[in-house]
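Asks: Got a structure for you, questions after.
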Amino acid sequence: MKAWIVVIICAFAFNVKAQIIVANKDLEGVSCCQHGGGTMDSMEIVSYCAIPYFSLCEGYVGVYTYGSFNQDVYPKDPYEGDTYISLRLGPGSWAGSISTKLPCYLHSGKKYTMTLWAAFAMTPILLDTIQMQTLVIWGNSDSCFRIEKLWESGQIDTGWHQYTAILTPKLQDYEYIHFRIGLSDVESRFLSLDALSDIYPFNANDVTATIQDTAFAKANSTCIELSATANITTYDTVYWQDAAGNKIADGFNGGTVCPDSSTYYVIAMRDSVQDCAGIWWSYDTVKVAVNTGTAVATPAGSEAYGVNIFPNPATNSINIKSGANLMQQVSICDINGKVLFIQLTSQKTQTQIILEGIVQTQGVYIAEVTFTNGLKQRIKFLKQ
């Protein structure tokens, strides 16, 4: 059983923001129309506009600025800011790539999420030749040495589209990440990249409920012993709670529970050691289905904490829907964690927020949901 949610709070001066900052995430550099390249055969690097905090690793990397060199290149405009980069997959092993150092490590066995914007880039006359092109994010041991493929996109389409990368290191911790073209056909050699997001941890994966999901008949008066283990020792908080959010036990052993109806129990653990990504929370859930004599009802499990936000990107409003847990409050924050708006939800599982008067400009914002049991979840959305 896997835990999958991390408690994150809108950041104030006295709170830890659970995110890894990507320096120069909009890839802005010195405005220029120069580009790396040379001839297509030699792939010599004859010029390159440096991107602050990013290293040129190999092959062809172009830096395109709106209104200068890229008049005949599709897409013409950057998604955000004035500049975007173009990675090229050339003949043989040549492949343009860039790398950046993170302020703290991506830890092995933990999950992270980030978003980015990418587009297939080629002169318009060749747009109909696209077959397959992907973007790959690697974990690096230094600025350019690739060790582990952490994520690969599906086919990159024409025009700017947002992609969500789920990064889960398995081999080791990584302080560097590396962006490189993956699969490509003969013609689809250019990939435009812009507007990276910061990296958010959302799964600590450190606590595992020993008892498995179970089902029994009410007539049997069956009870179960709740217990769990963890693969770390650096924790300061462990507790069990029931479906209503009531704490029923501290520590890994939750005692004996004898439910009368289908329900679930949650074990929560907080890591006492924080890095620049903040403090890690771990959760695991035990589902208990009770047959009352007619049918076995399926209880809501860990998906009760899942929050969906739509439409995303948003224009005039957003809808926020949770699983089974009731929402008590929704806060809208800017990307730096500043609270812009708070709405009480009257213990609902779905609510709508009108963005007019709250969000004035386009960009990335955060919706923070506080459940009636005190847990929180945070999800980003784009305002167009």
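What follows draws every value from the coordinates through simple rules; no lab data is involved. Note that the structure is predicted; figures quoted are calculated from it, not measured. Note that each Cβ is placed from the backbone with ideal geometry, even for glycine, and that neighbours are counted across all protein chains shown.
Asks: In the stretch 134-193, how does Rg compare with the Kirkwood Rh, expressed as the Rg/Rh ratio over alpha carbon atoms?
Replies: That ratio is 0.99, to two decimals.
Asks: For an R0 of 56 angstrom, estimate the FRET efficiency from the Cβ-Cβ distance between A244 and D77 and round to the nearest 0.05.
Replies: The value I calculate is 0.65.
Asks: In nm, what is the difference between 0.36 nm times the number of residues separating I21 and N312 and their Cα-Cα distance?
Replies: 102.5 nm
Asks: Next question, about the same structure. Note down the net charge around Y265, summing +1 for each Lys or Arg and -1 for each Asp or Glu among other residues with Cβ under 10 Å from its Cβ.
Replies: The answer is -1.
Asks: Shifting gears a bit: Calculate the FRET efficiency for D260 and N231 from the Cβ-Cβ distance with a Förster distance of 45 Å, rounded to the nearest 0.05.
Replies: Calculated transfer efficiency: 0.85.
Asks: Filter K25/K348; K111/K338; K170/K287; K76/K380 down to the pairs with a C-alpha to C-alpha distance above 31 Å, please.
Replies: The answer is K25/K348.
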